[in-house]
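Participant: Got a structure for you, written out below as structure tokens; questions coming shortly.
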Amino acid sequence: MSKYIIMPCGSLNGEVEISGSKNALLPILAASIMGEGESVIKNAPMLVDSHNMCSMLTHLGAKLQISEDTICIKPHNLSGDLENFAPVELLRASFLISGPLLAKIGKVNISMPGGCQIGVRPIDLHLKGLCALGADIEQQHGYIKLSCRKLKGNKIYLDFPSVGATENIMMAASMADGETIIENAATEPEISDLALYINNMGGKVTGAGTDTIKIMGVKKLKGCTHFVIPDRIEAGTFMIGAAATKGNILIKNVIPQHLKPVTSKLREIGINVDEGDTFIKICGESPINATDIKTLPYPGFPTDMQAQFSTLLSISNGTSVVTETIFENRFMHLTELKRMGANIKIDGRTSVIQGIDHLTGASVRATDLRAGAALVIAGLVADGQTEIDNIGYLDRGYYKFEEKMNKLGANITRI
Ligand code: EPZ
């Protein structure tokens, strides 16, 4: 994988435009195959994960046209066969195709999604939900065969408010017979965006964004045009970059409401945050105080911002406690930060970060896409050069990351 060479840059200053949300786009691309006609998805970040999802839809038989940030999908004569289709292994979100395929053609044959660095990431809640809607499930040789002549609405309680399981069940239920109720559903903004798209296709989803979602199945869905919401995690990453480098950044094309847990934590540690209807302004000149972070399902503090915030706390005044409750192995970036001089003790899902005056440049490696972003921020403020390996992870989740950072004054070179 390619590398970043990062030199310390002083403060980041200027304006950055946030791209569409990867985690909203991926389920929406999956849902698009349920439409009878063409869907046009706008504000789509054309990341590695987006291309992998598109290639999966093409493999199934859909016709796609991709321009800068718009994807046109014509879902005609789909097969359900994804056996031996490599990108499924590369992209966990590929499993989100199961619900739509079951709804549209009644069968899907797909390899078990792999785990990844941050955790095992099982799909038991997805399968529990699809089974409750009537799907027959057969698992062998690392593949899953799902089939169902006609899905039937049901009441489903999620043991954990899983984002992916909520999305998969919502999509399958949108064309099932009768009503489905999902209780203890995830409430992330990306789920509300998916529900909006399904409703604009002619679906009947209510309660998205709350922990109880009702879906009345319909016989047909049509294609439609959809504008993807902004990526709240990309926005949060730039907010942290401004705070860490004591810069002033205007972050445009955001929905501030989606960033409330991050904004309130930044204000808590002394960072000045202004917000308008579609922008957030960070004035990071003030000292960074310590605080405690506990990741939780939305609207709690997002796990996808834990790594970036840990970098900030590693150069704060005082001691912070960070607890990761969502994934069982999402502290690998802390070991890399320690190579840069950070004073951190890790104990299971809790870490204690003793702020230091400054980090020092080192050779480190990204272990997942948010860890990669955290290490880039560390490189911006460290003394001396930092080299980050495995930045392919970043390409999966951040659109034109180094261009946007360098436009703000960073000094990042990709080799
Ligand atoms: C989505 O992953 C996001 N990915 C993740 O973003 C994000 O970290 C996560 O939600 C939590 O917010 C996309 O939307 C494509 P989950 P997802 O199902 O759906 C357990 C990023 O950096 N679980 O809410 O896979 C699971 O093991 C990525 O952009 C089960 O036990 O997350 C985990 O501990 C990383 N059984 C917890 O729930 C299941 O069937 C949260 O998983 C499903 C999940």
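Participant: For N272 and S147, compute 0.36 nm times the residue count separating them, minus their Cα-Cα distance, and round to one decimal in nm. All intermediate terms of the calculation are to be shown ahead of the outcome.
Facilitator: Values: separation 125, 0.36 × 125 = 45.00 nm, distance 5.32 nm.
Separation in residues times 0.36 nm, less the Cα-Cα distance, equals 39.7 nm.
Participant: Once Lys and Arg get +1 and Asp and Glu get -1 on their Cβ, which of C148, I71, L29 lies farthest toward the positive end of the dipole of segment 22-227?
Facilitator: C148
Participant: Where nothing but the Cβ of Lys and Arg (+1) and of Asp and Glu (-1) is charged, how large is the charge dipole of segment 22-227 around its Cα centre, in debye to the nearest 20?
Facilitator: Working: 19 positive and 20 negative charges, 130 e Å.
That gives segment 22-227 a dipole magnitude of about 620 debye.
Participant: Among I255, T187, V273, which residue has its Cα positioned farthest towards the positive end of the charge dipole of segment 187-275, with +1 placed on the Cβ of Lys and Arg, -1 on the Cβ of Asp and Glu, and the dipole taken about the Cα centre?
Facilitator: Going by the Cα projections, it comes out as T187.
Participant: On to the next question. Any lysines with Cα under 17 Å of the K145 Cα? List them, leaving off those in the same chain fewer than 8 positions away.
Facilitator: Output for K145: K104, K107, K128.
Participant: Further question: Using Cα pairs closer than 8 Å and at least 6 residues apart in sequence, work out the relative contact order for segment 292-415, in percent.
Facilitator: Contact order relative to length: 22 percent.
Participant: Give me the dipole magnitude in Debye, nearest 20, for the chain about the Cα centre, with unit charges on the beta carbon: positive for Lys and Arg, negative for Asp and Glu.
Facilitator: 700
Participant: How much of the accessible area of segment 1-76, in percent, comes from carbon and sulfur atoms when a 1.4 Å probe is used?
Facilitator: 50
Participant: A further question on this structure: What distance in nm separates the simple spin-label points at S264 and A290, each placed 7 Å from Cα in the Cβ direction?
Facilitator: The answer from the label model is 2.3 nm.
Participant: Using just the Cα positions, wrap the chain in a convex hull and report its mean projected area in square nanometres, one decimal place. Before the final figure, lay out the partial values.
Facilitator: Numbers: hull surface 71.0 nm².
Mean projected area for the chain: 17.7 nm², to one decimal.
Participant: Averaged across orientations, what area in nm² does the convex hull of the alpha carbons in segment 22-227 project?
Facilitator: Values: hull surface 38.7 nm².
Computing the convex hull of the Cα atoms and averaging its projections yields 9.7 nm².
Participant: Using only alpha carbon pairs under 8 Å that are at least six residues apart, calculate the relative contact order of segment 22-227 and give it in whole percent.
Facilitator: Values: 478 pairs, mean separation 44.2, N = 206.
This gives 21 percent for segment 22-227.
Participant: To continue, here is another question. Taking 0.36 nm per residue of sequence separation and subtracting the Cα-Cα distance, how much length would be gained by fully extending the chain between T325 and D177, in nm to one decimal?
Facilitator: Result for the pair: 49.7 nm of gain on full extension.
Participant: Taking the Cα centre of segment 1-120 as origin and charging only Cβ (+1 Lys, Arg; -1 Asp, Glu), how large is the dipole, in debye to the nearest 20?
Facilitator: 200
Participant: Express the carbon and sulfur contribution to the solvent-accessible surface of segment 116-197 as a percent, rounded to the nearest whole number, probe 1.4 angstrom.
Facilitator: So the carbon and sulfur contribution to the accessible surface is 52 percent.
Participant: Taking the Cα centre of segment 22-227 as the origin and placing charges on Cβ (Lys, Arg +1; Asp, Glu -1), which of S39, L90, N52 is farthest toward the positive end of the dipole?
Facilitator: Positive-end residue among those listed: S39.
Participant: One-quarter of the Cα convex hull surface for segment 157-285, in nm²?
Facilitator: Mean projected area of the Cα convex hull: 8.7 nm².
Participant: I'd like to check one number: the per residue accessible area of the chain, probe 1.4 Å, reported in Å² as a whole number.
Facilitator: Spelled out: the 1.4 Å probe surface of the chain, per residue, equals 37 Å².
Participant: May I pose another question? Given the chain, what percent of its DSSP beta bridges are antiparallel, to the nearest 5? Intermediate values should be presented prior to the final figure.
Facilitator: On the way: 53 of 76 bridges.
Percentage antiparallel, nearest 5: 70.
The values are calculated or read from the model by the stated rules, or taken from the named source; none is laboratory data. The shown structure was predicted, so the numbers you read here are calculated from the model rather than taken from an experiment. Note: ideal-geometry Cβ built from the backbone for every residue, glycine included; neighbour counts use all protein chains shown. When the accessible area is computed, the model is the full protein with side chains, heavy atoms only, and any ligands, DNA or RNA have been set aside. Shrake-Rupley method; radii C 1.70, N 1.55, O 1.52, S 1.80 Å.
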